[in-house]
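Trainee: One structure is given below, represented as structure tokens, and several questions about it will come after.
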Amino acid sequence: MIPMTPTDAGHAVDAVAPTALDHILWGVFPYVVLAVLVGGLVWRYRYDKFGWTTRSSQLYESRLLRIASPMFHFGLLVVIIGHVAGLLIPKSWTEAMGVTEDMYHFMALSLGTVAGVCTLGGIVLLIWRRRTNGPVFSATTVNDKVMYLVLVMAILAGLATTLLSAGADLTGGHGHDYRETVSVWFRSIWILRPDVAAMAASTFAFKLHVMVGLTLFMLFPFTRLVHAFSAPVQYPFRPYVVYRTRDQHPNRSERVVRRGWEG
Amino acid sequence: MATPSASGRRIGKVMAQVAMVMNLDKCIGCHTCSVTCKQAWTNRSGMEYVWFNNVETRPGQGYPRRYEDQEKWEGGWVRTPGGKLKLKAGGRLKKLATIFANPKMPAIQDYYEPWTYDYENLIKAPLSDDMPVARPRSLISGEPMNVTWSANWDDDLGGGEELGRQDPIVQKLGEQVRFSFEETFMFYLPRICEHCLNPSCVASCPSGAMYKRAEDGIVLVDQDKCRGWRMCVTGCPYKKVYFNHKTGKAEKCTLCYPRIEVGMPTVCSETCVGRLRYLGVILYDVDRVGEAATVEDEHDLYPAQLDVFLDPNDPEVQEAARRDGIPDRWIDSAKRSPVYALAKKYKVALPLHPEYRTMPMVWYIPPLSPVVDTLTKTGHDGEDAGNLFGAIDALRIPVEYLAELFTAGDTAPVDSVLRKLAAMRSYMRRINLGEERDESLAEAVGMSGTDIEDMYRLLAIAKYDERYVIPTAYGVDDADRGVIEEIGCSLDFEGGPGMGGMGGPVPFGEASGRPDAASVETFHALKTRQTSDGRSDLKGRVNLLNWDGNGKPDGLFPPSDNGAAPDEKEKP
Ligand code: HEM
Ligand code: SF4
Ligand code: SF4
């Protein structure tokens, strides 16, 4: 692994100039993903609200699901929080708060490993359940299989980056500091000035993880993963019993209804 | 806002509910209601195991198996020591924390694994010495399976002692309940969704996809908003929300709202062989529901719920109803409501399991038959008031069993209902025999002779129009103006199948011609058919669903060689 020399500008020094491929992967692709993700969600919401569901398989099998699903989801929640912290909060901020590099590293790696292993263990159990339980297996679509493949790859690649860093730490070296490369690139996407060089300077493991992750985001709107975007966060704030009046004009944005007496 | 009523109490917000009463004495356990309901609503894949209407034999386990064991399933509400209502399966935060795997969800085995038969084998099997058989195959996994349970496996006390002992109420009452033929009793309990006033299914839905309709109280699942969190299945103590395992969405009895909206009874009521179902409007004070559902003593839940119902003949109630936007024809309808009469006026209908605190709105007239049967079995006169009253007192087991079903274990109301039914039997027998009316029989149960005769009329000979008093959602004028059509069919998008095309205009065939407002047509056709004695005339195009098998309506068969094509006159 090439040791990086971080600059205080929060910008990685380019080891090599980014190639054309780098520009496509880290300069163009993220926007394609974003467009597909947002466009896909809008499309799905408009045309397939009926298909927007977890497609729960608990009716078929409960015993394994009750271990696997919470293990996976809770692990994943921690992983997501870790990603948000690592990608969005600039290193200079945490340092300003007095969190030293070593403290941060230790936290991220230990918590990240535990959460990552939970997530992986959870999904392995879920997939095993899916494969071995007849009813669950026959309710599995090709769409599901593709989704699982990409999801597992994303988790594996992510866990690999964490373990590589941890391994480097334990052997006394320093792992690749993604907060100098990937995070910088990630934040730069949102201000529409993708810092391709920063991402290009990252390691292969990170590049792979990011690629698979981006692909996963493209799949979100079109697979059962879409359920994550309807997490019922409003539930605690609404009255228990919901009353609704009969729709006088049911959702008819898509259709023009002719009256019975019209030809 | 609130106006005081005749009783001096202030009337809060008035709401209307289409409610049902079933007279259990008349149920012959034929399952016609279940089958017609299934044919109408749930004969789709993913819904094989779903019975919006099921008929269970009691004593018996019910459907799904032992659903009444709330210590296990944790459905409905509980009252906290502080006098608040809480979902038994846990509050909102617990629901969210356990959303990834619902800890209290019945598995398919608690319902039953639906199956079909391998009919193909009957014709495709190679020649052999043995007769080919059609083996059962699971509709869930597709594998061959052994059928070991179904929606009414313990029908007619099948399985006797062994299965009957598993009935949660029998377990509560203990060894006293006997299953030997001479000592047992039995009746049928048809069940649909209760369309509760305080629905715990709605409260359990994290997405807010379930709702109670403000106009008629029907509880529905918005299929576009349901996200498959499957918490409602746990929330309903009657286990009347089902999970469609193909679509991943919850579905439940809709009280046939497309029919109710145009003034027609539900399919289960319409087809009931015993004609034992009644539909009518109840006006109630929604501001009092919470209070009534939280009364401390479970025995008070039944009277408390009765108290929430408002008297539609009270001018102040009428005024308050108008104030809250209830149409006059709904108020008129509420005055004639058979449900109000049976539940509140005669007080012979009781709620199912009020102790779940959901304020159910499908009520039951408990059966007198276990009492009458015992009398006749032992050679006594089952229509003699003295015998009947004595037997009601003596036969504690059926009465206690009924009380566990209908009044949270309080035998007094059940006793009182059975006495009224007994008094009616004896009173009417005297009339049938040409004897003098015996007013004392009526007085003995706190009624008048006229009341008894009115009640008898309602229970025994009420015609279609008296059993089903349902105001339309629109008013008939509106229906004629095609407003119903506006509510429309989901296939009615531009160019869709319901608009005369599969993505484009179709010049011939089934979908050609001017689109008729199908619901208006159906409404009028069924109305004539049900209210006339002769053959019904189906004008215009043939809707096979409406065709009652009589006659040969135009357009049913292709044109004969000499005749003109019936389609001709339909061309626009
Ligand atoms: C807070 C948001 C989320 C909630 C509330 C949630 C909830 C659920 C629920 C209720 C199920 C159905 C389990 C069952 O009964 O079969 C499920 C399944 C699943 N969820 Fe989530 N989920 C969330 C976020 C996510 C995310 C972000 C992912 C992945 C990126 C994910 C991946 C999955 C997968 C793969 C399954 C299928 C499990 C299986 O049956 O094999 N979920 N989720
Ligand atoms: S009976 Fe019907 S309305 Fe009542 S809780 Fe169950 S599903 Fe909901
Ligand atoms: S159709 Fe009527 S009589 Fe037959 S089982 Fe149903 S409720 Fe009972």
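Trainee: Report the Cα centroid-to-centroid distance between segment B:61-115 and segment A:45-101 in angstrom, as an integer.
Mentor: Taking the Cα centre of segment A:45-101 as reference, the centre of segment B:61-115 is 26 Å away.
Trainee: Can you list the lysines whose alpha carbon is less than 23 Å from that of B:LYS552, not counting same-chain residues fewer than 8 positions off?
Mentor: Correct list for B:LYS552: B:LYS527, B:LYS539, B:LYS569, B:LYS571.
Trainee: Leaving out ligands and nucleic acids, note down the accessible area per residue over segment B:243-336 with a 1.4 angstrom probe, in whole Å².
Mentor: Ligands and nucleic acids excluded, the result is 35 Å² per residue.
Trainee: Output the peptides B:447-456, A:149-158, A:90-99 sorted from most to least packed, where packing is the average of other Cβ atoms within 10 Å over each peptide's residues.
Mentor: Output ranking for B:447-456, A:149-158, A:90-99: A:149-158, B:447-456, A:90-99.
Trainee: For segment A:14-229, what does the alpha-carbon gyration tensor say about shape, rounded, prolate or oblate, given a ≥ b ≥ c as the root eigenvalues, a/c under 1.5 as rounded, and a/b over b/c as prolate?
Mentor: Working: a/c = 2.14, a/b = 1.40, b/c = 1.52.
Cα axes put segment A:14-229 in the oblate bin.
Trainee: Next question. Which of the helices in chain A, when you take each full DSSP H run, stretch at least 24 Å along the axis at their Cα atoms and have an average Kyte-Doolittle score of 0.5 or higher?
Mentor: Result, helices passing both filters: A:29-47, A:65-88, A:101-132, A:142-170.
Trainee: Right, here's the next one. Got a number for carbon plus sulfur as a percent of chain A's accessible area, 1.4 Å probe?
Mentor: Exposed carbon and sulfur together represent 73 percent of the surface.
Trainee: For A:59-65, what's the mean count of beta carbons from other chains sitting within 10 Å of each residue's beta carbon? Can you show the working numbers first?
Mentor: Details: counts 17, 7, 2, 10, 2, 1, 4.
Shielding by partners across A:59-65 averages 6.
Trainee: Something else about it: What residue among A:ASP48, A:ASP22, A:ASP195 has the largest mean-square fluctuation in a Gaussian network model of chain A, using Cα springs under 10 Å?
Mentor: Among A:ASP48, A:ASP22, A:ASP195, the largest GNM mean-square fluctuation belongs to A:ASP48.
Trainee: What does the charge count near B:LEU87 come to, summing +1 for each Lys or Arg and -1 for each Asp or Glu among other residues with Cβ under 9 Å from its Cβ?
Mentor: Within the 9 Å Cβ shell, the charges total +4.
Trainee: May I ask for the distance between the Cα centers of segment B:287-306 and segment B:315-335, given as a whole number of Å?
Mentor: 24
Trainee: Also, I was wondering about something else. Considering only C-alpha atoms, what is the centroid distance from segment B:219-284 to segment A:130-160, in Å?
Mentor: Segment B:219-284 and segment A:130-160 have Cα centres spaced 35 Å from each other.
Trainee: Just from its helices, what would the mean residue ellipticity at 222 nm be for chain A, if runs of 4 or more DSSP H residues each count -39500 (n - 2.57) and the sum is divided by every residue, rounded to the nearest 500 deg cm²/dmol?
Mentor: Values: 9 runs with 145 residues, N = 263.
Computed ellipticity for chain A at 222 nm equals -18500 deg cm²/dmol.
Trainee: What are the residues of segment B:220-235 that lose 40 Å² or more of accessible area, with a 1.4 Å probe, going from their chain alone to all protein chains?
Mentor: For segment B:220-235, once contacts with the other chains are taken into account, B:ASP224, B:ARG227, B:TRP229 lose 40 Å² or more.
Trainee: I'd like the interface area for chains B and A: accessible area of each alone minus the complex, both sides summed, 1.4 Å probe, protein heavy atoms only. What is it in Å² to the nearest 100?
Mentor: Chain pair B/A: roughly 5300 Å² of buried accessible area.
Trainee: I would also like to ask the following. Given the pairs B:LYS212/B:LYS249; B:LYS26/B:LYS347; B:LYS38/B:LYS335; B:LYS347/B:LYS420; B:LYS95/B:LYS225; B:LYS88/B:LYS246, which span a C-alpha to C-alpha distance of over 21 angstrom in this model?
Mentor: B:LYS38/B:LYS335; B:LYS88/B:LYS246
Trainee: Test of the criteria: in segment B:138-186, which trypsin sites (Lys or Arg not before Pro) are in a DSSP loop and have at most 16 other Cβ atoms within 10 angstrom of their Cβ? Show your work: numbers first, answer last.
Mentor: Numbers: sites: B:ARG165, B:LYS172, B:ARG178; in loops: B:ARG165, B:ARG178.
Answer in residue order: B:ARG165, B:ARG178.
Trainee: With a probe of 1.4 Å, find how much accessible area segment A:14-229 has per residue, and write the answer as a whole number in Å².
Mentor: That works out to 50 Å² for each residue.
Trainee: Rounded to two decimal places and with Rh computed the Kirkwood way over Cα pairs, what is Rg over Rh for segment B:27-256?
Mentor: 1.01
Trainee: Sort A:73-79, B:350-356 by packing, meaning the average of other beta carbons within 10 Å per residue, with the highest value first.
Mentor: Taking the mean over residues of other Cβ atoms within 10 Å, the ranking is B:350-356, A:73-79.
Trainee: Report the full-extension gain for the segment B:ASP332 to B:ARG457: residue separation times 0.36 nm, less the Cα-Cα distance, to one decimal in nm.
Mentor: Here the answer is 43.0 nm.
Trainee: Name the residues whose placed amide hydrogens come within less than 5 Å of the amide hydrogen of B:LYS249, ignoring near sequence neighbours (fewer than 5 apart) on the same chain.
Mentor: B:ASN244
The values are calculated or read from the model by the stated rules, or taken from the named source; none is laboratory data. All values derive from a computational prediction rather than experimental measurement. When we count neighbours, we look across all protein chains shown, and the Cβ atoms used for this are built from the backbone with ideal geometry, even at glycine. Ligands, DNA and RNA are stripped out before the accessible areas are found, and what is left, the full protein with its side chains, is counted by its heavy atoms. Shrake-Rupley method; radii C 1.70, N 1.55, O 1.52, S 1.80 Å.
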